Amino acid sequence: MELIHGGDVAGFWEEYGATPLDFSANINPLGMPEGARRAAVQALEQADQYPDPLCRRLRRAVACWEEVPAEWVRCGGGAAGLIFRLVFALRPRRALTTAPSFAEYEQALEAAGCQIIRFPLRAEEGFRLTEGFLEALTPDLDLAFLCNPNNPTGRTVDPDLLTRIGKKCQKNGICLAADECFNEFLDQPERYSLKSRLEEWPNLLIFKAFTKFYAMAGLRLGYCLCADGALLDKMDRMGQPWEVSGPAQAAGLAALEDQEYRRKTRTLIGEQRAWLRQALSELGFNVVGGEANYLFFRADTPDLAAKARRLGVMIRDCANYPGLEGGGYYRAAVRGPEENRRLVQVLDQARRL
């Protein structure tokens, strides 16, 4: 089975018998909040019971945090699970994605037999989303995915363009699925979120997750926001009822209470993102984008990721992203100071091999 994502620590262990320094998955370097960890462990005492299939307490907590009605919130097994639920609820005939972008959009669309239209993000334009995306939002589309900030490029969409995209989707009856899973790592999260438009735009659905910001990748917990109750109810029927485990729900509740964790995260990522960008540039790599907790760069060194892997460090080779098939593009997470220094040392060594 071919894996399409980073973070395959188990595969590295089987190959090398050791744990790598993993920059291939963009996880908060602070690790799971301690309160969330304790809550997950304590929840195991009720593991003989089914978890709440409606995630009632967690939905209310998310609604309070996001300042939206609880009826607009649905929880799932990571954002990926909710992406599949949305696609199977809508059964779109034609859908628009950007290329490159997160792989699960196209996986879900292909599984539903949907025709996929790709809008290319071009190197000569810095992989930014351009005005041309508006022209691609034609009335024959049923669904459009937009990752903001984008994965793997780390680029945000200009807020004015983002507003015009949302308006055109509403005008043409297109469901706009906005993936904001990395939004909280931005310096100005509110500026690039469409959350304030949810009531105005019933065709808008926003994905978020605890995976990256709260370092809960192994627990699988995400949620979506949407004012269209009928669509959310239909999504509920597109999967099994106990998708979110008891420990995941407990950890999510505790994580939302930890304001100090969020402050420390933004401070750390802001400082280390700037340091790592400069260090990668000094190695001769072209850092193209990175406004969240990862950097997207081009390197002329052949097989850079494979060479770094042999030295104990995993970065994301982006050659399997549509639009990046030519190779040479990589993504590296922003981690703590010591880890980032080690990454730079290994990449310096790898480029000389």
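The values are calculated or read from the model by the stated rules, or taken from the named source; none is laboratory data. These numbers come from a predicted model, not from an experiment. Cβ placement follows ideal geometry from the backbone for every residue including glycine, while neighbour counts extend to all protein chains displayed. Note: accessible area is taken over every heavy atom of the protein model, side chains too, but ligands, DNA and RNA are not part of it. Shrake-Rupley method; radii C 1.70, N 1.55, O 1.52, S 1.80 Å.
If you go through region 301-329 and keep only what is touching a residue at least 40 places away in the same chain (Cβ under 8 Å) and part of a strand (DSSP E or B), you end up with V313, M314, R316, Y329. Evaluate the following for A25: is it within 22 Å of A80 (Cα to Cα) and outside any loop (DSSP other than H, G, I, E, B)? Here the answer is no, as A25 does not meet what is asked.
Scan region 271-285 for residues that are in contact with a helix residue (DSSP H, G or I) (Cβ under 9 Å, 6 or more places away or on another chain) and open to solvent by less than 90 Å² (accessible area, probe 1.4 Å) and the total you get is 7. When region 249-274 is filtered for residues that are within 13 Å of R59 (Cα to Cα) and charged (D, E, K, R), nothing remains. When Q240 is tested against (1) touching a residue at least 24 places away in the same chain (Cβ under 8 Å); (2) open to solvent by 50 Å² or more (accessible area, probe 1.4 Å); (3) not in a helix (DSSP H, G or I), only condition (1) is not met. Scanning region 117-149 for residues that are closer than 20 Å to L204 by Cα, open to solvent by 10 Å² or more (accessible area, probe 1.4 Å), part of a loop (DSSP other than H, G, I, E, B) and touching a strand residue (DSSP E or B) at 6+ places or on another chain (Cβ under 7 Å) yields L129, D140, D142.
Whether any residue in region 1-21 is under 22 Å from the mean Cα position of the chain (by Cα), touching a residue at least 40 places away in the same chain (Cβ under 8 Å) and exposed (fewer than 12 other Cβ atoms within 10 Å of the Cβ) is what I want to check. Scanning region 1-21 turns up at least one residue that is under 22 Å from the mean Cα position of the chain (by Cα), touching a residue at least 40 places away in the same chain (Cβ under 8 Å) and exposed (fewer than 12 other Cβ atoms within 10 Å of the Cβ). Just one of the listed residues (G290, G312, G323) is at positive phi and open to solvent by less than 10 Å² (accessible area, probe 1.4 Å), namely G290. Filtering region 94-110 to residues that are within 18 Å of L205 (Cβ to Cβ) and outside any strand (DSSP E or B) leaves S101, F102, E104, Y105, E106, Q107, A108, L109. If the condition is being outside any strand (DSSP E or B) and within 18 Å of A299 (Cα to Cα), then region 330-340 contributes V334, N340.
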